[in-house]
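Trainee: Pasting a structure here, questions to come.
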Amino acid sequence: MKLNYDCVRDVMLAIEDNLEFGNEWTINNLVELLPDYTENEIHYACLKLHEGGYLNALTAQGFGIAPPMIVRIQDLTFDGHELLGTIRPQSVYEKTKKKVLKELGSASLSIFSSVASSVAKSMLGL
């Protein structure tokens, strides 16, 4: 499955804006908040965010469950907040996405994060 960067960003924004500290969500909470994406897109985005260290979540894997499944979403990690802080401005996000897709076609979240950081620094003249 291909990682949908728009979905990743929207998942992170939804979690930051709506998930209260100390509470937990399931994928269904995000499905309700993000009707433009399929449940599979949202679940895959959450799984990759978790694997990349951007999302605190409980996962389960075992007999009958091929890939790990997100059971509970707890919060963004520090790195997740850092990434979101970088790609929150639409201008930074769009330039980052355009650059990644044009140059690479796709990239890992860590590369996406690095490019976003470079784009933001460039926009600030740093």
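Trainee: Going through 56, 4 one at a time, which residue ends up being touching a residue at least 40 places away in the same chain (Cβ under 8 Å), closer than 17 Å to residue 109 by Cβ and in contact with a helix residue (DSSP H, G or I) (Cβ under 9 Å, 6 or more places away or on another chain)?
Mentor: Going through 56, 4 in turn, the sole match is 4.
Here's the yes/no breakdown for (1) charged (D, E, K, R); (2) in contact (Cβ under 8 Å) with a residue 60 or more places away in the chain; (3) in contact with an Asp or Glu (Cβ under 9 Å, 6 or more places away or on another chain):
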| residue | (1), (2), (3) |
| --- | --- |
| 69 | no, no, no |
| 73 | no, no, yes |
| 80 | no, yes, yes |
| 85 | no, no, no |
| 89 | no, no, no |
| 104 | no, no, no |
| 108 | no, no, no |
| 113 | no, no, yes |
| 116 | no, no, no |
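Trainee: Within the stretch 55-68, is there a residue that is assigned to a helix (DSSP H, G or I) and buried (at least 19 other Cβ atoms within 10 Å of the Cβ)?
Mentor: No, every residue in the stretch 55-68 fails to be assigned to a helix (DSSP H, G or I) and buried (at least 19 other Cβ atoms within 10 Å of the Cβ).
Trainee: Can you confirm whether residue 37 is aromatic (Phe, Trp, Tyr), surrounded by 15 or more Cβ atoms within 10 Å (Cβ to Cβ) and within 18 Å of residue 109 (Cα to Cα)?
Mentor: No; evaluated as a whole, the condition is false for this residue.
Trainee: Could you please let me know if residue 17 is under 20 Å from residue 93 (Cα atoms), of a type outside the set (Gly, Ala, Ser) and at pLDDT 95 or above?
Mentor: On the way: under 20 Å from residue 93 (Cα atoms): yes; of a type outside the set (Gly, Ala, Ser): yes; at pLDDT 95 or above: no.
It is false that residue 17 is under 20 Å from residue 93 (Cα atoms), of a type outside the set (Gly, Ala, Ser) and at pLDDT 95 or above.
Trainee: Does the stretch 7-34 hold any residues that are closer than 17 Å to residue 69 by Cβ, surrounded by fewer than 18 Cβ atoms within 10 Å (Cβ to Cβ) and out of contact with any helix residue (DSSP H, G or I) (no Cβ under 6 Å at 6 or more places or on another chain), and which are they?
Mentor: Listed by number, the residues that qualify are 24, 26, 28, 29.
Trainee: Which members of the stretch 89-126 meet the condition of being assigned to a loop (DSSP other than H, G, I, E, B) and farther than 13 Å from residue 4 by Cα?
Mentor: Correct list: 89, 104, 124, 125, 126.
Trainee: Yes or no: residue 44 in a loop (DSSP other than H, G, I, E, B) and within 16 Å of residue 3 (Cβ to Cβ)?
Mentor: no
Trainee: Given (1) aliphatic (A, V, I, L, M); (2) in a strand (DSSP E or B); (3) under 30 Å from residue 122 (Cα atoms), where does residue 84 come up short, assuming only one miss?
Mentor: Result: residue 84 passes all but (2).
The values are calculated or read from the model by the stated rules, or taken from the named source; none is laboratory data. Computed from a predicted model, the values in this text were never measured in an experiment. Cβ: placed from backbone, ideal geometry, glycine included. Neighbour counts: every protein chain shown.
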